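See structure below.
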Amino acid sequence: MKVLIADDDALSRKILEDCLSEWGYDILMAHNGNEAWDILEKIDRPNMAVLDWMMPGMDGVEICRKLRQLKLPNYVYVILLTARSKREDVISGLESGADDYIIKPFNREELKSRLKIGQRIIELEHRILRLASTDYLTGLLNRRAFLERLERELNRCQREASPMGIIIMDIDHFKRVNDNFGHQVGDLVLQELSHTLVELCRVYDFTGRYGGEEFIVCLPGADKWNTYQIAERMRSTIESKKIFLLDKKSNVSVTASFGIVSMEPGQIKSADRLINEADEALYRAKEQGRNRVVMYVTD
């Protein structure tokens with residue numbers, strides 16, 4: 001886990017660096033408050049910070065106040081380090097937004113324990129965020145999390161004038177699977193196909209469960225033919241896949257229909273429009289007999 005150390009005293013920085021390195025932390029160093037703030041403002045900021053109270057530029061308390069005013073996607077756990085030991089100083093430090101407070105000269109084992117507390121809190125937050133953004137059955141992004149990430153990726157692709165493909169996939173006649181084999185088998189089919197989609201995606205693509213037996217895939221950098229090739233590979237792999245049932249003695253096979261759309265370089269489309277176009281292409285795939293890939297085209 002990354003930890004920012006901010007202290008203007010060279011000896012204090014060195015002691016902190018030696019301790020945290022020994023305990024396995026990945027360290028970022030700042031020599032004053034302004035350097036510390038520059039690091040904490042970045043997108044890839046560390047999740048923990050050990051800040052000296054008194055530093056040139058911004059002091060530790062001011063950094064805490066400014067940090068808590070930001071609407072960050074992930075929490076930053078802050079430990080203030082200072083020679084001030086009066087009760088009113090402790091209260092002032094904590095009220096500024098610091099999570100913990102250690103008085104100099106610090107005890108190594110005390111600092112180690114305080115860092116472990118912060119690490120547990122950050123790891124718990126990460127687990128909660130994963131649960132909140134993940135579909136419980138398939139492990140894919142849930143609809144809300146997918147749409148949030150799609151908006152970010154769409155903005156990036158439009159800034160860089162790069163293409164982006166969208167695939168919406170629907171399992172054909174999925175109700176028959178549940179009716180003939182039961183919902184446990186239906187869940188197994190959803191899990192197996194979600195794994196298949198992820199395996200056939202590139203490392204920078206992302207996949208979500210859009211609802212029921214419907215999945216959605218974002219392909220950053222993919223033009224319409226790249227998008228078509230990836231979707232067709234998914235379709236043919238699913239068609240030939242045998243999903244072994246819980247008894248391991250029998251299997252079930254399914255097919256899927258795909259609607260695809262691509263935003264070409266320089267085009268400006270909203271996320272809603274892209275999804276609606278892919279959904280319309282999916283509707284046409286079903287109309288044309290299912291188990292096929294249909295690209296959205298304007299009439």
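The values are calculated or read from the model by the stated rules, or taken from the named source; none is laboratory data. Bear in mind the structure is a predicted one, so any value in this text is a computation, not a measurement. A quick note on method: Cβ atoms are made from the backbone with ideal geometry, for glycine too, and the neighbour counts reach across all protein chains shown. Side chains are part of the model used for accessible areas, which takes the heavy atoms of the whole protein and leaves out ligands, DNA and RNA. Shrake-Rupley method; radii C 1.70, N 1.55, O 1.52, S 1.80 Å.
Quick look at the numbers
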read-out	value
In the range 25-44, residue nearest to the chain's Cα centre (by Cα) [restricted to those that are open to solvent by 60 Å² or more (accessible area, probe 1.4 Å) and not hydrophobic (A, V, I, L, M, F, W, C)]	D44
Those residues of the range 265-285 which are touching a residue at least 40 places away in the same chain (Cβ under 8 Å), open to solvent by 50 Å² or more (accessible area, probe 1.4 Å) and either part of a strand (DSSP E or B) or closer than 18 Å to Y228 by Cα (or both), in sequence order	P265, D279
Residue tally, condition crowded, with 17+ Cβ neighbours inside 10 Å and either modelled with pLDDT of 95 or more or within 23 Å of the chain's Cα centre (by Cα) (or both), over the range 216-229	8
When residues of the range 76-99 are limited to those that are in a loop (DSSP other than H, G, I, E, B) and modelled with pLDDT under 90, the one surrounded by the most Cβ atoms within 10 Å (Cβ to Cβ)	A98
Selected residue (only one of E232, E239, E199 is under 21 Å from N291 (Cβ atoms), in a helix (DSSP H, G or I), open to solvent by 60 Å² or more (accessible area, probe 1.4 Å) and touching a residue at least 24 places away in the same chain (Cβ under 8 Å))	E239
Count - residues of the range 202-229 that are in a loop (DSSP other than H, G, I, E, B) and of a type outside the set (V, I, T)	8
Boolean, S262 is surrounded by 15 or more Cβ atoms within 10 Å (Cβ to Cβ), at pLDDT below 95, of a type in the set (G, A, S) and within 24 Å of Q158 (Cβ to Cβ)	yes
Filtered residues of the range 165-188 (kept if among the aliphatic types (A, V, I, L, M) and either modelled with pLDDT under 95 or open to solvent by 20 Å² or more (accessible area, probe 1.4 Å) (or both))	V177, V185, L188
Some residue of the range 102-118 being more than 25 Å from K42 (Cα to Cα), open to solvent by less than 50 Å² (accessible area, probe 1.4 Å) and polar (S, T, N, Q)	no
Subset tally (residues that are basic (K, R), closer than 24 Å to E148 by Cβ and part of a helix (DSSP H, G or I)) for the range 28-75	1
Scope the range 109-144; condition at pLDDT 90 or above, among the charged types (D, E, K, R) and assigned to a helix (DSSP H, G or I); matching residues	E109, E110, K112, R114, K116, R120, E123, R143, R144
Where a residue in the range 125-143 is in contact (Cβ under 8 Å) with a residue 24 or more places away in the chain and its partner, wherever it lies, is open to solvent by 70 Å² or more (accessible area, probe 1.4 Å) and not polar (S, T, N, Q), with Cβ under 7 Å and at least six apart	E125/Y75; L141/R149
Subset of the range 157-186 (residues that are part of a helix (DSSP H, G or I) and within 17 Å of R273 (Cβ to Cβ))	C157, Q158
